[in-house]
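Worksheet for the structure shown next.
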Amino acid sequence: MNLIEPIIFTGAALAGVAGAILGIRADPVLGLEGFVGGALRGVGGFVGGVVLGGAALYALAFALGTVLALKARYTRKP
């Protein structure tokens, strides 16, 4: 495991928590149906946040690494 993976996993988990909070708060929780619907929206938001948050952070880290590698490569040439 390198240094960037814990950052990506932590960001994905935080995005998942944010997705769960937004999923639960989408509709008011009234009665059993509202509670179950809110719980399912929360789980869906968590899973979606983890997947999309992890993918977005990975793509961002990859793009930053590519830009830095290309910059270092072109500054060494005379």
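Bear in mind that the values in this text are calculations on the coordinates, not laboratory data. Since we're looking at a predicted model, the values are computed, not measured. Here the Cβ positions follow ideal geometry from the backbone for every residue, glycine too, while neighbour counts run over all protein chains shown.
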In what sequence, highest mean first, do 13-21, 36-44, 65-73 appear when ranked by Cβ atoms within 10 angstrom?
13-21, 36-44, 65-73
Quick one: length gained pulling Ala13 to Leu70 fully straight, 0.36 nm per residue minus the C-alpha distance?
17.5 nm
